[in-house]
Amino acid sequence: ARVIVRMLLIFARQRAARKSKTDLNRVVTEGLYLVEARCATEGIRLERDLDPDLAWIVADPGQLQQVLMNLVVNGIQAMPGGGRLTIRTRNRPEGVVLSVEDSGAGMDEETLREIFNPFFTMKEVGQGTGLGLSVVHGIVTSHGGTIRVESEPGQGSRFDVELPMAGPDEA
């Protein structure tokens with residue numbers, strides 16, 4: 001219940017972000033540490049491709065951790081028989097990109113149109129709240145970013161989160 005209430009508060013944007021100059025690679029490294037064992041036991045090869053020269057961003061590290069974990073857990077759940085999960089960071093002209101790509105079941109066009117809507121879920125009753133991706137969307141947009149997804153049935157999914165880089169005088 002606590003998790004659902006926290007997600008609802010974030011979704012409703014009633015919890016203020018605590019933004020600071022943040023190293024996205026560090027957020028990713030710390031977050032992946034929490035899921036490495038689960039990936040190994042479920043036959044999922046976890047691949048990291050983190051840009052060593054990634055620009056800094058101004059963000060709430062805890063909220064970015066939640067974005068990463070929601071995307072990673074969704075990827076893991078899309079690959080019940082194992083597969084490959086790739087986490088990538090890159091610089092872009094206006095910002096940085098965090099990509100989470102899985103080799104799982106993928107989604108059709110109808111599902112793609114709904115995935116960011118609150119309470120939409122493809123999981124069985126008791127397996128999910130349908131809030132994960134709507135919370136991810138809310139966090140990303142509150143950070144001035146965008147999220148895009150590419151997916152096809154049987155071909156896996158890739159979520160790209162683009163966030164603005166920190167300016168030279170941002171704390």
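Considering each residue of segment 9-20 in turn, none proves to be closer than 16 Å to residue 140 by Cβ, out of contact with any His (no Cβ under 7 Å at 6 or more places or on another chain), modelled with pLDDT of 90 or more and surrounded by 14 or more Cβ atoms within 10 Å (Cβ to Cβ). The residue of segment 91-114 that is surrounded by the most Cβ atoms within 10 Å (Cβ to Cβ), among those that are within 15 Å of the chain's Cα centre (by Cα) and over 14 Å from residue 152 (Cβ atoms), is 98. For segment 143-165, the set of residues classified as surrounded by fewer than 17 Cβ atoms within 10 Å (Cβ to Cβ) and of a type in the set (Ser, Thr, Tyr) consists of 146 only.
Quick check on residue 23: is it open to solvent by less than 70 Å² (accessible area, probe 1.4 Å), at pLDDT 95 or above, over 24 Å from residue 133 (Cβ atoms) and within 17 Å of the chain's Cα centre (by Cα)? Against the criterion (open to solvent by less than 70 Å² (accessible area, probe 1.4 Å), at pLDDT 95 or above, over 24 Å from residue 133 (Cβ atoms) and within 17 Å of the chain's Cα centre (by Cα)), residue 23 qualifies. The set of residues in segment 28-61 being farther than 16 Å from residue 78 by Cα and open to solvent by less than 40 Å² (accessible area, probe 1.4 Å) consists of 28, 31, 32, 51, 54, 55, 57, 58, 59, 60.
The values are calculated or read from the model by the stated rules, or taken from the named source; none is laboratory data. Source: prediction; values computed, not measured. All Cβ positions, glycine included, derive from the backbone under ideal geometry; neighbour counts span all protein chains shown. Remember, those area values only see protein heavy atoms, side chains included, never the ligands or the DNA or RNA. Shrake-Rupley method; radii C 1.70, N 1.55, O 1.52, S 1.80 Å.
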